[in-house]
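*Asks:* Quick one: structure below, then a few questions.
Rule-based calculations on the coordinates, nothing more; no lab input. What you see is a predicted model, and the numbers here were worked out from it, not measured in a lab. Counting neighbours? That spans all protein chains shown, and the Cβs are built from the backbone with ideal geometry, glycine included.
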Amino acid sequence: MIDMTKLITAIILPPFDVLILLVLAFFLRLFRFKKLAFLTALLSVIILYAFSIPYTAERLNNSLTQEDHLTADDYRKAQAIVILGGGLRDSKELFNTLTVPGLVLERMRYAAYLHKETELPILISGASPNGNSEAKVMGQEFFTFFGVQPKWLEEHSTNTKQNALYSKEILERENIKRIVLVTNQWHMKRAKMLFEQQSFEVLPASVGPGIIPDSYELNAMHFIPQAGALAANMQLLKEWIGYWKERF
């Protein structure tokens, strides 16, 4: 079954919207609206270029990133660590047939570090739409690779809003309201908002390089279209769409 939210998001973002504009320009030209056809085609090229360059990705990254400015002592004042899942992949490695991708492994590494620094219990939240338990696989790998045993597994949520809702159902039984939330920096703005909507006091523990300093000089490669930059821009744009959708 097609996820309509994902389909609509794909349609309104590059490169799909660029294709729509080019088809529209073709038909406008066919019906002799030459100037409008030219402007439509030009707009499609501008959109494709703008969202294919690293400079745009850096600006979008900075717009989503909020520096945490918290210390280990600050995190020790929390009652639990909540780490969010981010997908699974098939594995040919000997330890499992399913494993976490690199993005999730970075979250796990930071959560394991914070656990050892604070001795706070860990809740893992996440499930795949196909029914696989991200939380279960992450829990196994926490123990195998970091020597950490999570206390709770939330195995039903398939999006960030559900992460917050179902985590609350588990943690409120323990009277836990103040949490350390571990996810990627570009995801933290939306995740923090959704957990706060469930009455959590959130101490963000963001994974990533932080805001890119102004001291980093621009060069020509910032403005050369690149496939990697296009993928990064789409991820960041989707995150902004998700944020505004949940906010309103």
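*Asks:* For the stretch 32-182, build the charge dipole from Cβ charges (+1 Lys, Arg; -1 Asp, Glu) around the Cα centre, then report which of Gln66, His156, Phe38 sits farthest towards its positive end.
*Replies:* So the residue furthest toward the plus end is Phe38.
*Asks:* Okay, next question. What is the dipole size for the chain, taken about its Cα centre, with +1 at each Lys and Arg Cβ and -1 at each Asp and Glu Cβ, in debye to the nearest 20?
*Replies:* 960
*Asks:* Okay, moving on. List the residues whose amide H sits under 5 Å from the amide H of Arg178, counting only those 5 or more places along or on another chain, with H placed 1.01 Å from N in the peptide plane.
*Replies:* Sorted by chain and number, the residues that satisfy this are Gln79, Glu201.
*Asks:* With a ≥ b ≥ c the root eigenvalues of the C-alpha gyration tensor of the stretch 189-242, is it rounded (a/c under 1.5), prolate (a/b larger than b/c) or oblate?
*Replies:* oblate
*Asks:* Go through 187-200, 219-232, 163-176 and give me the packing order, highest mean Cβ count within 10 Å leading.
*Replies:* By packing density, highest mean first, the sequence is 187-200, 163-176, 219-232.
*Asks:* Order of 120-129, 15-24 by packing, highest average Cβ count within 10 Å first?
*Replies:* Ranking, from highest mean packing down: 120-129, 15-24.
*Asks:* Order 62-73, 204-215, 96-107 from most to least packed using the mean count of other Cβ atoms within 10 Å.
*Replies:* The packing order, highest mean first, is 96-107, 204-215, 62-73.
*Asks:* Would you mind calculating the relative contact order of the chain from Cα pairs under 8 angstrom and at least 6 residues apart, reporting the percent as a whole number?
*Replies:* Relative contact order comes out at 24 percent.
*Asks:* Under 1.5 on a/c is rounded, so check that first for the stretch 140-214, then, if it is not, pick prolate when a/b is larger than b/c and oblate when it is not; a ≥ b ≥ c are the square roots of the alpha carbon gyration tensor eigenvalues.
*Replies:* oblate
*Asks:* Counting only residues 5 or more places away or on other chains, whose amide H sits under 5 Å from the amide H of Thr183 once H atoms are built in the peptide plane?
*Replies:* Result for Thr183 returns Ala205, Val207.
*Asks:* Which cross-chain or sequence-distant (5 or more) residues have an amide H under 5 Å from the amide H of Leu98, H modelled 1.01 Å from N in plane?
*Replies:* Ser91
*Asks:* Could you tell me which of Ala220, Met138, Leu123 has its Cα farthest along the dipole of the chain towards the positive end, charges placed at Cβ (Lys, Arg +1; Asp, Glu -1), taken about the Cα centre?
*Replies:* Ala220
*Asks:* Just to be sure I understand: of the beta bridges DSSP finds with both ends in the stretch 57-205, what percent are antiparallel, rounded to 5?
*Replies:* Bridges in the stretch 57-205 that DSSP calls antiparallel: roughly 10 percent.
*Asks:* Is any helix in the chain, taking whole DSSP H runs, at least 27 angstrom long along its axis by alpha carbon and on average at least -1.0 on the Kyte-Doolittle scale, and which ones?
*Replies:* Helices meeting the criterion: 227-247.
*Asks:* Decide, for the stretch 1-127, between rounded, prolate and oblate: order the square roots of the alpha carbon gyration tensor eigenvalues as a ≥ b ≥ c, take rounded if a/c falls under 1.5, and otherwise choose prolate if a/b is larger than b/c, else oblate.
*Replies:* In terms of gyration-tensor shape, prolate.
*Asks:* Taking the Cα centroid of the stretch 159-203 and of the stretch 16-86, what is the distance between the two, rounded to the nearest whole Å?
*Replies:* 26
*Asks:* Return a whole-number percent for the relative contact order of the stretch 1-101, with Cα pairs under 8 Å and 6 or more residues apart as the contact set.
*Replies:* Computed over the stretch 1-101, the figure is 15 percent.
*Asks:* At 222 nm, what value in deg cm²/dmol follows for the chain if DSSP H runs of at least 4 each add -39500 (n - 2.57) and the sum is divided by all its residues, to the nearest 500?
*Replies:* -17000 deg cm²/dmol, from helical runs alone.
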